[in-house]
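**Student:** This structure is in structure tokens; I'll ask about it shortly.
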Amino acid sequence: KSDEAYHPVVFSAGDEREEERLWGMGLQSKIDQALENGDIYTVYQPQISLADGSLSGVEVLVRWHDAERGNITPSFFIEQCEKTGRMLSLTDTVLRRALDELSQVWASAEPFSISINVSATVLDDMRLVDVVERALMQSTIDPRYMVLEITETSRIGDMDMARAIFARFKGMGIKMSIDDFGMGCANFEVLDNLPFDEIKIDRTFVAKMNHSPLCRGIVAGVIQLGAETRARVVAEGAEDAAAIANLRRMQCPIVQGFGIAKPLSTADLIQFAKRIPFRQERSKAGQTW
Ligand code: C2E
Ligand code: MG
Ligand code: MG
Ligand code: MG
């Protein structure tokens, strides 16, 4: 199940006919089935510390391979899970599977952080805390290496509840990350309202950095922001050597992208972790936790 061969079926969000047809085919129960039988699975994209080239962490990305339809694009079924109240269940499945598989990798490598994507739409549900707590209790992973990436923060409905949930996670030693930073206008306000430990620079800025002084300025600004607030900064979507070299020059602490590696299976991640040099000290150069 290599991501190289992953060519997802894309359903356009606005295509209601197509959606209706899928609902007719029992999409709801298909999702439940896939959650159950392993058709929904996880891959892992490495995050590299630019100071020493070591494996800083991995981001867990969900995949769905359907026997009839082939690979189904994450954004499509994530939206379906949100619409049908299956988001917590998806998060639970992803988390358990990832912690289970990654504990094998952890056993044979220096400790690295594990980032799970969490939809902002479940930040109003305290059961999220139970889901994460239970999954961690049943695994050997140290909670201090667990990172929760909050995607689409503009969709946080209940800020007080989100704050309470953040406090619970922080009490467990879990790190909170703001994903796709810079996209959507509520991001700076959210950053001021919730205690994030990590900022992920959206890949659209990283991709345009070479040609656009504005995008380069935004990337540099976020790196600076991270240094001043002691938040860990990760640049996502570093697609090639030039982007990685630029980010190193800008003293970006951590990069992730196709230029480092595509999302990997567990077996491929183990091989990847063996190839790269490990850091001497975890707390060095720009990485604040
Ligand atoms: P994201 O969290 O921003 O994840 C990064 C996305 O960028 C991934 O797409 C990854 O494959 C892609 N990517 C990484 N490096 C590069 C690069 O160098 N170039 C390009 N062009 N793309 C790159 P993916 O796996 O399709 O995921 C899309 C989005 O779906 C994610 O964006 C995240 O918001 C959401 N998602 C994925 N897995 C989960 C999950 O388990 N739960 C939730 N709630 N959302 C998830
Ligand atoms: Mg993410
Ligand atoms: Mg992202
Ligand atoms: Mg993104």
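**Student:** Looking only at residues that are farther than 13 Å from K30 by Cα and crowded, with 19+ Cβ neighbours inside 10 Å in region 77-89, which one is nearest to ligand 2 (Cβ to nearest atom)?
**Tutor:** Of the residues in region 77-89, the ones farther than 13 Å from K30 by Cα are 78-79, 82-83, 85, 87-89.
Right, trim to crowded, with 19+ Cβ neighbours inside 10 Å and you get 78, 87.
Numbers: I78: 11, M87: 15 Å.
Applying the filter and picking the extreme gives I78.
**Student:** Given the options E68, E59, name the one that is outside any helix (DSSP H, G or I), of a type outside the set (V, I, T) and surrounded by fewer than 19 Cβ atoms within 10 Å (Cβ to Cβ).
**Tutor:** Numbers: E59 fails: surrounded by fewer than 19 Cβ atoms within 10 Å (Cβ to Cβ).
Of the residues listed, the single one that is outside any helix (DSSP H, G or I), of a type outside the set (V, I, T) and surrounded by fewer than 19 Cβ atoms within 10 Å (Cβ to Cβ) is E68.
**Student:** Let me ask something else about it. Which numbered condition in (1) crowded, with 16+ Cβ neighbours inside 10 Å; (2) touching a strand residue (DSSP E or B) at 6+ places or on another chain (Cβ under 9 Å) is the only one that L35 fails?
**Tutor:** All conditions pass for L35, except number (2).
**Student:** For the list (1) under 16 Å from the mean Cα position of the chain (by Cα); (2) part of a loop (DSSP other than H, G, I, E, B), I need the number of the one condition that G173 fails.
**Tutor:** Here G173 meets the rest and fails (1).
Residue by residue, here is whether (1) aliphatic (A, V, I, L, M); (2) at pLDDT 95 or above; (3) under 20 Å from S177 (Cβ atoms) holds:
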| residue | (1), (2), (3) |
| --- | --- |
| V206 | yes, yes, yes |
| R216 | no, yes, no |
| Q280 | no, no, no |
| Q287 | no, no, yes |
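**Student:** Can you run down the residue pairs with Cβ atoms below 6 Å, 6 or more apart or on separate chains, where the first is in region 35-58 and within 22 Å of M146 (Cβ to Cβ) and the partner is among the acidic types (D, E) and in a strand (DSSP E or B)?
**Tutor:** Listed by first residue and then by second, the contacts come to Q45/E59.
**Student:** May I ask you to verify whether A120 is within 11 Å of ligand 1 (Cβ to nearest atom) and open to solvent by less than 30 Å² (accessible area, probe 1.4 Å)? Show your work before the answer.
**Tutor:** Details: within 11 Å of ligand 1 (Cβ to nearest atom): yes; open to solvent by less than 30 Å² (accessible area, probe 1.4 Å): yes.
When the stated conditions are applied, A120 passes them.
Quick grid of which residues meet (1) surrounded by 21 or more Cβ atoms within 10 Å (Cβ to Cβ); (2) away from ligand 1 (no atom under 12 Å from the Cβ); (3) not polar (S, T, N, Q):
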position: F181; (1), (2), (3): yes, no, yes
position: E189; (1), (2), (3): no, yes, yes
position: A207; (1), (2), (3): no, no, yes
position: G217; (1), (2), (3): no, yes, yes
position: Q224; (1), (2), (3): no, yes, no
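**Student:** If only one of R216, R155, R144 is more than 16 Å from ligand 2 (Cβ to nearest atom) and over 26 Å from I244 (Cβ atoms), which one is it? Write out each step before concluding.
**Tutor:** On the way: R216 fails: over 26 Å from I244 (Cβ atoms); R155 fails: more than 16 Å from ligand 2 (Cβ to nearest atom).
Result of the check over R216, R155, R144: R144.
**Student:** So T121 clears everything in (1) outside any helix (DSSP H, G or I); (2) within 16 Å of ligand 2 (Cβ to nearest atom) except one condition, right? Which one?
**Tutor:** (1)
**Student:** Since V131 meets every condition but one in (1) modelled with pLDDT of 95 or more; (2) open to solvent by less than 40 Å² (accessible area, probe 1.4 Å); (3) within 29 Å of A238 (Cα to Cα); (4) more than 16 Å from ligand 2 (Cβ to nearest atom), which condition does it not meet?
**Tutor:** (3)
**Student:** Oh, and also: May I ask you to say which residue of F196, F166 is surrounded by 14 or more Cβ atoms within 10 Å (Cβ to Cβ), within 15 Å of ligand 2 (Cβ to nearest atom), aromatic (F, W, Y) and within 18 Å of the chain's Cα centre (by Cα)?
**Tutor:** Details: F166 fails: within 15 Å of ligand 2 (Cβ to nearest atom).
The unique qualifying residue is F196.
**Student:** Here's a follow-up. Just to check your reading of the model, which residue among I116, I78 is of a type in the set (V, I, T), within 16 Å of ligand 3 (Cβ to nearest atom), within 28 Å of Q251 (Cα to Cα) and out of contact with any Lys or Arg (no Cβ under 6 Å at 6 or more places or on another chain)? Full working, then the answer.
**Tutor:** Values: I78 fails: within 28 Å of Q251 (Cα to Cα).
The match here is I116.
The values are calculated or read from the model by the stated rules, or taken from the named source; none is laboratory data. It should be emphasised that the depicted structure is a prediction, and the values quoted were computed from it without experimental measurement. In this analysis, Cβ positions are derived from the backbone assuming ideal geometry, glycine residues included, and neighbour counts consider all displayed protein chains. The protein model used for the area step is the full one, side chains on, heavy atoms only, and it has no ligands, DNA or RNA in it. Shrake-Rupley method; radii C 1.70, N 1.55, O 1.52, S 1.80 Å.
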